[in-house]
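Asks: Once you've had a glance at the structure underneath, I'll fire off some questions.
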Amino acid sequence: MKLHKYIAIILTIILIGGCTLNILIYLPKKEDYYYLQDGLFTVRTEDNETIYGYFSPAPPNSPFSNITILFFHGNAISMNNVADTAMLFHDIGVNFIMFDYRGYGKSTGTPSEEGTYKDAEAIIKYVLSLTNIDTNNIFFLGHSLGTAIATEMTLKYKPKALILAAGFTSIDDMTDYYTTYSFPSSWFVEYKYDTISKIPNVSVPILFIHGTADEVVPYWMSISNYSRAKEPKKLVLIPNIRHERAYLFTTQEFRNEITNFINTYRN
């Protein structure tokens, strides 16, 4: 059964049964052990959850050693699934930091929209306290669900620039996309992740990247977000590339666009 038909059936059951759709937004992958041990750290959130993160320093003598990428991953993975992404950015030559939201990996708690924001804030405050990175050259990178969290954090912390890969406009729009009829998402989803309403308020450069064969988030959503964003901004559509990070992030186009973007806007 195709994904959109499956989700439409689930939505119908949820609507009739009076349940919520939150279970489809968060599919946390839990872990007992992290493959990447060197560089592993923890922070505490303001509501006392423990969040696990990972820091990979830039290679010695890299021309990008003053650049740090803070990565916000999607809704159905953990840091164990992102080791290849850490290696990609190590090869590019930047510092790379990622983390697991509450309920993901070994992080404690149960995911929620407000909770993911609190997790990200705790990580950002930790990153800003580090003395071995240039805090004026931090780029936020979000993929899928992570694009909404990265956008919210950009409004609060104003990184050097923002990169949104395979991003959606809002949960409400995603609900409409996967159903035959337009229902208010508030009927069965308590979370908004309303990126498109926040994008006009972002005052840093934004790079939008999306694969045209994305089977989860339609690429027109990146076009819509792009249309609402301020300059400077750039939209890159990569032909025949699907949603998953394993497809999108491994393309030469992705690597080239990321490298050019950070080189353009770094200090």
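A short reminder: the numbers here are calculations on the coordinates, not readings from a lab. All of these numbers come straight from a predicted model, not from anything done at the bench. As a convention, Cβ positions derive from the backbone with ideal geometry for all residues, glycine included, and neighbour counts pool all protein chains shown.
Asks: Roughly what angle does helix 113-129 make with the longest principal axis of the chain, taking Cα atoms, 0 to 90 degrees, to the nearest 10?
Replies: Rounded to the nearest ten degrees, it is 0.
Asks: Okay, moving on. For region 100-105, take each phi angle, set θ = phi - 60°, evaluate the Karplus expression 6.51 cos²θ - 1.76 cosθ + 1.60, and give the result in whole Hz per residue in order, putting x for glycine and proline.
Replies: The phi angles translate into 9, 5, 3, x, 9, x Hz.
Asks: Additional query: Normalising by the residue count of the chain, find the relative contact order in percent from Cα pairs under 8 Å and 6+ residues apart.
Replies: After rounding, I find 17 percent.
Asks: Please label the shape of region 123-266 as rounded, prolate or oblate, based on the square roots a ≥ b ≥ c of the eigenvalues of the alpha-carbon gyration tensor (a/c under 1.5 means rounded; beyond that, a/b larger than b/c means prolate, else oblate).
Replies: Working: a/c = 1.96, a/b = 1.35, b/c = 1.45.
Oblate shape, in that a/c is at least 1.5 and b/c is the bigger or equal ratio.
Asks: List the residues, sorted by chain then number, that are 5 or more residues from Ala58 or on another chain and whose placed amide H is less than 5 Å from its amide H.
Replies: Asn95, Phe96
Asks: Taking H as built 1.01 Å from N, whose amide H comes closer than 5 Å to the amide H of Phe72, not counting residues under 5 places away?
Replies: Excluding prolines and chain starts, which carry no amide H, the hits are Leu141, Gly142, His143.
Asks: Then there is this: Report the calculated FRET efficiency for Asn132 and Trp220 (r = Cβ-Cβ distance, R0 = 41 Å), to the nearest 0.05.
Replies: 0.50
Asks: At Asp32 and His90, where each label point lies 7 Å from the Cα along Cα→Cβ, what is the point-to-point distance in nanometres?
Replies: Distance between label points: 2.5 nm.
Asks: Note the direction-averaged projected area, equal to a quarter of the hull surface, for the Cα convex hull of the chain, in nm².
Replies: Projected area, direction-averaged: 13.8 nm².
Asks: Return the percentage of antiparallel bridges among DSSP beta bridges fully within the chain, rounded to the nearest 5 %. Numbers along the way, then the final one.
Replies: Values: 9 of 34 bridges.
Here the antiparallel bridges make up roughly 25 percent for the chain.
Asks: Please list, in chain and number order, the residues 5+ apart from Gly105 or on another chain whose amide H is under 5 Å from its amide H, with Hs placed from the backbone.
Replies: Close amide H contacts, sequence-distant or interchain: Lys29, Lys30, Glu31.
Asks: While we're here: Taking only Cα atoms, what is the 0 to 90° angle, nearest 10, from helix 145-157's long axis to the longest principal axis of the chain?
Replies: Roughly 60 degrees between the two axes.
Asks: May I pose another question? If exposed GluC sites (Glu not before Pro) are those in a DSSP loop with at most 14 other Cβ within 10 Å, what is the longest stretch of the chain that has none?
Replies: Counting at most 14 other Cβ atoms within 10 Å as exposed, the longest clean stretch of the chain is 47-189.
Asks: Rounded to whole Å and ordered largest first, report the semi-axes of the equivalent ellipsoid of region 67-194 derived from its Cα gyration tensor (root of 5λ). It would help to have the intermediate numbers written out before the result.
Replies: Working: eigenvalues 150, 43, 43 Å².
With the √(5λ) rule applied to region 67-194, the semi-axes are 27, 15, 15 Å.
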